[in-house]
Structures are given as structure tokens and as C-alpha cells.
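Visitor: Questions regarding the structure given below will be posed in turn.
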Amino acid sequence: MLTASELSRSFGPRTLFSNVSLQLGPGRKVALVGGNGTGKTTLLEILVGIQSPDQGKVHRPKELRVGYLPQELPPETGRSVFQQVMLGAEQVTHLSGEIEKLGNLVASSSGHEQARHLRALGEAQSRFEQIGGYSTESDAHRILSGLGFSPEDHERPMGEMSGGWRMRIALARLLLSSPDLLVMDEPTNHLDIDSVNWLEEHLKNWHKGLLFVSHDRDFIDGVANRILELSGTHVSEYVGGFADFVVAREELLASKRAAAAQQTRQIEKTEQFIERFRYKATKARQVQSRIKALDKMEKIVVEDVGDQKIRFGFPSPRRSSRLVAELNEVTAGYDEDVVLQEVSFSVERGSTVALVGPNGAGKTTLVKLLTGQLAPLKGDLKLGTNVDLSSFNQLQTEILDEKRSVLEELRTVPGVETDGRNLRTYLASFGFREEAADRKVGDLSGGEQTRLALAKTLAMPVNLLILDEPTNHLDLPSCDVLEDALNVYPGTVILITHDRHLIRSVADSLVEVRDGVTSWHDGVPDHVLFPGQENSSKSVENSPQKVGPSTKKKKSSDDAVKIKRRLQKVEQEWELAEAEVLATQEALASSDLYQDPENVDKAVTAHNDAKDEAARLMALWEKLSSSLHITD
């Protein structure tokens with residue numbers, strides 16, 4: 001077991017964390033969460049021995065094998081993908097070489113010497129079997145396949161692989177090594193949805209120690225049984241998954257708020273006493289006693305998450321045509337290499353469409369078609385009238401000027417100051433509050449730079465946003481900022497992400513890309529986000545027929561009247577359900593509630609039930625509205 005005691009670390013005048021103590025051992029699967037720049041990566045590197053703490057100690061037993069996956073890109077080694085992964089089985093490969101050497105000695109010797117070599121060979125083969133040597137190669141192939149590598153890729157030179165695939169190779173090598181303690185910094189950053197699902201299932205069966213940083217709520221909830229939150233300069237530990245953590249944190253914050261309010265009242269009364277009797281000789285001793293008590297009092301600080309309600313003020317884009325983009329039997333690729341075949345679907349104004357599927361299936365090619373970077377080999381692709389487009393990808397963080405401040409960098413967006421917006425208020429909605437807007441870009445963490453690049457992209461007065469993996473390197477609060485921003489964005493969004501929570505929260509429909517073929521899915525069916533699960537949601541397979549209202553049969557006028565009546569009734573029920581959500585939310589905010597754990601459980605259940613009912617009615621309302629639109 002790894003044990004850390006009273007760890008502290010500072011950079012210059014800034015304290016990242018202090019008095020951090022924790023234990024990591026078999027069966028403990030711990031997710032470390034916190035804001036960008038709070039010191040999560042620094043804490044990981046101290047625990048694995050890359051950095052040293054300013055104060056405190058880390059005890060790592062000599063026999064403890066620790067494996068670490070950093071965010072940095074691994075170097076190219078000249079080996080094949082499979083050879084590089086097999087380095088994770090160093091003990092197995094070493095013993096395999098010894099067995100081969102002993103086999104040659106047995107073949108070239110005789111008599112007593114041959115008998116001695118035979119005994120050594122038998123012992124080596126026995127050890128090889130005990131450590132799973134005979135299954136290691138098949139395990140390596142299985143892990144590579146789970147992480148999205150095709151069988152042909154296993155023998156490809158590592159140098160031919162892109163940065164994202166090289167990160168997967170590093171992850172595969174680490175998993176094959178099966179360390180006693182596995183430590184990973186954002187392991188899902190370069191994975192697609194299929195690979196995230198595979199890794200989640202793999203780690204569910206991990207019985208050794210695990211510590212990881214992730215911004216993916218679903219991944220955390222599926223893997224972790226403990227949460228460490230780095231907030232302010234302190235670390236708090238919660239037992240359970242992410243959903244349990246949210247509830248427990250709210251309980252703790254409510255308790256702290258109540259204690260802080262009581263302390264504030266006590267301070268006010270003491271200060272009133274001091275002010276009233278300061279100049280009375282008969283009360284001098286009591287006044288001095290209270291002044292000393294105030295000086296010694298340790299103030300209760302409530303480090304509240306989400307304490308500021310974010311309000312987004314986006315520029316008003318011009319109105320585009322109803323059909324923003326339309327693809328009809330589009331085939332696309334590079335030279336003679338066809339990547340997509342006969343793609344047909346349309347994107348309507350105001351919708352949010354998520355592109356999902358394994359890496360290499362054609363999602364990026366589809367984005368290049370939509371942005372005009374690539375022309376179709378066959379078929380027709382049309383953008384609607386008055387469509388203004390802005391796109392985001394990870395390369396945009398590389399063109400930020402490190403010498404500029406955050407505010408100065410935002411001002412480089414064309415026309416950003418022409419609509420009268422307060423840029424500091426806009427930056428605050430992306431987490432750059434007050435003096436943070438004056439920080440130099442070069443002093444920002446990777447996640448903060450990603451957040452700034454997103455703020456620049458969303459500041460443009462466009463009506464079509466195309467976002468390619470915007471959550472990479474973001475922390476959980478920043479993912480919340482992005483989710484809120486997309487939910488109030490007035491235009492159309494096309495989104496590529498492996499973050500299943502974000503997809504469920506913002507997407508209206510999915511385009512699944514696999515093996516060069518696309519399938520359109522109305523809504524967000526679970527069987528697409530979680531492959532292998534049965535689901536009754538229907539998908540519209542890719543065909544020359546356009547997806548949308550124009551493909552459906554017209555309703556009769558009688559049907560329209562029935563739909564309108566049903567729509568009005570559902571809308572009333574929806575409003576009542578939303579009122580119930582607000583009522584249960586207010587109940588959860590009451591500090592008195594948390595004095596009785598049984599009442600807390602009932603209140604949380606009631607809140608979740610209310611949200612589920614409101615979501616069901618909203619989906620029904622949207623379905624009826626769509627049907628009514630078709631009949632009009």
C-alpha cells in the first residue's frame with residue numbers, strides 16, 4: 001500500500017495544496033477531481049516519485065510496482081506497436097529469453113551438464129507459467145483490440161502512428177504490465193466512445209490499486225469507488241462513485257454553510273459588544289478577552305462549487321435557412337482511399353448533432369467536408385443560405401500567443417467588441433473571473449488554454465459551430481461551462497466528443513460513423529453510446545433518402561387537431577413537472593434537511609424522480625411538436 005502523509009506543494013507565492021494525506025492499495029479505485037490548475041497532475045507526480053513535496057512524505061514499499069500514464073506524448077522508439085506493448089511484460093520477455101537460451105544449451109550439451117540445463121529449463125518454464133507467460137501475447141493482442149487497434153495495426157511501426165494512437169500504445173503497455181498501483185492522468189483523452197467503454201469494463205474488474213484523473217462523469221461513475229476532490233488547497237475524500245460524491249459534497253457544503261452562518265452571527269454579536277463597551281473601564285477586561293478570541297478564531301471558509309450562476313451572452317448571429325447542411329449520397333476520401341461512402345443526411349437549424357464512432361472511421365473526414373477543407377469524390381453537399389461557420393479543434397490552443405493576457409487574446413477575435421458586450425463578463429462565464437482575465441496565456445494550464453480557445457470560438461457571431469473533441473484537457477467544472485454554453489447557444493452545433501455525459505446533455509440526434517458508413521439516430525439511444533446493450537431506439541440507416549420532415553408522410557387535418565390537443569395537455573404536465581423539480585431542489589438546499597440522513601435519501605430520490613418525469617415529458621413534447629410541424 002502507498003501512503004502519503006501531510007503533503008504540501010507551492011509554486012512561488014501560490015499554495016497548490018497542503019496537509020494532504022491518503023492511502024492507495026488493493027481494491028481502492030480512486031478518481032481525483034478538481035479544477036484546472038489546482039495541482040492534480042503535480043499531486044500524481046509526487047505520489048509516483050517524479051516530483052518531491054515541499055513538506056510531507058510518501059511511503060512506497062520497495063516491492064510495490066507503480067505504473068504511471070502521464071498526459072505527455074510518449075517518444076517514438078522504432079519498434080512495432082506490438083513490440084512496444086510487450087515491453088510492459090518485461091518479466092515475461094526476460095524469462096522467455098532465458099528459456100530460449102536454456103533450450104539452446106540443452107540441445108548443445110550432453111550428460112550431467114545437459115541434465116543440469118534441463119532442470120534449470122524446467123524451473124524457468126514453471127515460473128513462466130506461474131506469471132501467465134503463455135497468455136501474455138494473447139493478452140497484449142486483446143488489449144490492443146479493445147483500445148481500437150485493428151489486427152493489421154499490431155505489427156505497424158510505432159512511428160507511423162499519430163499522437164493519439166501513440167498515447168493508446170502507452171496505455172496498452174501499462175495495462176499489460178498490470179502494476180500493483182495504476183496511476184493515470186486523463187486516460188480517456190485520446191479514446192473514442194468504443195474504447196472508453198472497453199477501458200471502463202476492463203477497470204471495473206481491476207482488483208489492484210487505481211488512481212486516475214478524468215473529466216468524464218460516466219467513466220468515473222463506472223470505475224471509481226472513492227473520490228478525492230482537490231478544492232482550494234485541501235483534499236476531501238468521499239466514498240462511492242461520482243453520483244454519491246455529488247450528494248455527499250452537497251451535504252458537507254450545507255453543513256459548512258450552516259456553521260459559517262452561525263460563526264458570522266457570533267462574530268457580529270462579539271463585535272457589537274466590543275464597540276459598545278470599548279471605552280468603559282468596568283468592561284475593559286471583557287472587551288480585551290473578546291478581541292483576543294476574535295483574533296484566534298479560525299474562520300470557516302465555504303469553498304462552494306458553482307457558487308456563481310453563469311450567464312452567457314453570445315453574439316446574435318444572423319438567421320440561416322432551415323436546412324443548415326445537406327448531404328446526398330456523398331462519397332469522400334483522399335486520392336483513391338475512400339473513407340466515407342454514400343453519406344446522406346441533413347442538419348436543421350437550431351439542432352445539436354453529435355458524431356460518434358471509433359477513431360479512424362471517418363468522423364474527421366466528415367468534418368472536413370462540412371468545413372470545406374475537403375471536396376466530395378461523389379454526391380452533393382450543400383450548406384444552407386446565410387450559414388456562417390466556426391470550428392474548434394485541439395490545434396487551436398497551439399496558436400494562442402503566450403505573451404498576451406487572456407483578455408488581450410480574446411480581443412483578437414474579429415468583431416468581438418462591436419456588439420457592446422463586456423468582455424470581462426464574457427470571460428467570467430468561462431471561468432476567467434476578475435484577475436484571472438489578466439493572467440498571461442503562457443501561465444495557463446493546458447485545460448485553461450483549451451477553455452480560452454473555446455471562449456474565442458464561441459465569441460464569433462456565427463450560426464454553425466463545429467467542435468472536435470472540445471473536452472480534452474478540460475476539468476469537470478470546465479465541462480459544465482461548455483455544457484451550459486452549448487445549451488443556450490442560439491445556433492446549430494455539430495459535435496465530436498467521447499464524453500457520453502456531454503452528448504446526452506446537449507445532443508438532439510446522433511450520426512454514427514462506422515466502417516465508412518453513417519447511420520442517423522433520432523435522440524441519443526443508449527445502445528450507440530454503450531455498445532453491446534440492447535435498446536429499443538430506432539436508427540435510420542444511411543440511404544439516399546433525406547432524413548427529416550420531408551421524408552415523412554403528411555398527417556391529415558384531423559390528426560393535426562388531435563396532436564395539438566395532446567401537445568397542450570403534455571405542455572401543462574411538463575410545466576407542473578418542472579415546478580416539482582424546482583420544489584425538490586429548494587428542499588435539497590435547506591440546511592435543516594441534512595440533520596436526518598433518512599430524509600436526505602427521500603429528498604434526493606424525490607428530486608431524481610421529478611427530473612426523470614420532466615425529461616420524459618420534455619421528450620414527448622418535442623416529439624409531438626415535431627409531428628405537428630410535419631402536418632403543417
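The values are calculated or read from the model by the stated rules, or taken from the named source; none is laboratory data. It should be emphasised that the depicted structure is a prediction, and the values quoted were computed from it without experimental measurement. Every residue, glycine as well, gets a Cβ built from its backbone with ideal geometry; the counts of neighbours run over all protein chains shown. Surface areas here come from the heavy atoms of the whole protein model, side chains and all, with no ligands, DNA or RNA. Shrake-Rupley method; radii C 1.70, N 1.55, O 1.52, S 1.80 Å.
Visitor: Considering (1) on the phi < 0 side of the Ramachandran plot; (2) open to solvent by 50 Å² or more (accessible area, probe 1.4 Å), say which one residue 179 fails and leave the rest.
Guide: All conditions pass for residue 179, except number (2).
Visitor: Okay, moving on. Within the group 383, 389, 410, 395, which residue is loosely packed, with under 12 Cβ neighbours inside 10 Å, under 23 Å from residue 495 (Cα atoms) and not acidic (Asp, Glu)?
Guide: 395
Visitor: Follow-up question, since we're still on this one. Going through the range 394-424 one residue at a time, which ones are touching a residue at least 24 places away in the same chain (Cβ under 8 Å), in a helix (DSSP H, G or I) and closer than 12 Å to residue 455 by Cα?
Guide: Those that are touching a residue at least 24 places away in the same chain (Cβ under 8 Å), in a helix (DSSP H, G or I) and closer than 12 Å to residue 455 by Cα: 396, 397, 406, 407, 409, 410.
Visitor: Further question: Quick one: how many residues across the range 85-130 are of a type in the set (D, E, K, R) and in contact with a helix residue (DSSP H, G or I) (Cβ under 7 Å, 6 or more places away or on another chain)?
Guide: 2
Visitor: Continuing with the same structure: Which of the residues spanning the range 121-169 are surrounded by fewer than 19 Cβ atoms within 10 Å (Cβ to Cβ), closer than 21 Å to residue 75 by Cβ and of a type in the set (A, V, I, L, M, F, W, C)?
Guide: Matches in the range 121-169: 161 only.
Visitor: Here is a list of conditions, (1) under 23 Å from the mean Cα position of the chain (by Cα); (2) of a type outside the set (Ser, Thr, Tyr); (3) within 19 Å of residue 329 (Cβ to Cβ), and residue 392 meets all of them except one; can you say which number that is?
Guide: All conditions are met except number (3).
Visitor: Among the residues in the range 258-281, are any of a type in the set (D, E, K, R), part of a helix (DSSP H, G or I) and surrounded by 16 or more Cβ atoms within 10 Å (Cβ to Cβ)?
Guide: No, every residue in the range 258-281 fails to be of a type in the set (D, E, K, R), part of a helix (DSSP H, G or I) and surrounded by 16 or more Cβ atoms within 10 Å (Cβ to Cβ).
Visitor: Within the range 182-235, count every residue that is under 22 Å from residue 148 (Cβ atoms) and either in a loop (DSSP other than H, G, I, E, B) or open to solvent by less than 20 Å² (accessible area, probe 1.4 Å) (or both).
Guide: 27
Visitor: Looking at 577, 560, which one is at pLDDT below 70 and touching a Leu at 6+ places or on another chain (Cβ under 9 Å)?
Guide: That would be 560, the only listed residue that is at pLDDT below 70 and touching a Leu at 6+ places or on another chain (Cβ under 9 Å).
Visitor: Would you check which residues across the range 422-433 are over 23 Å from residue 471 (Cβ atoms) and open to solvent by 50 Å² or more (accessible area, probe 1.4 Å) and list them?
Guide: Matches in the range 422-433: 422, 424, 425.
Visitor: May I pose another question? Suppose we filter the range 318-356 for residues that are small (Gly, Ala, Ser), closer than 16 Å to residue 522 by Cα and touching a helix residue (DSSP H, G or I) at 6+ places or on another chain (Cβ under 6 Å); how many remain?
Guide: 1
Visitor: Looking only at residues in the range 236-248 that are assigned to a helix (DSSP H, G or I) and open to solvent by less than 40 Å² (accessible area, probe 1.4 Å), which one is farthest from residue 219 (Cα to Cα)?
Guide: 248
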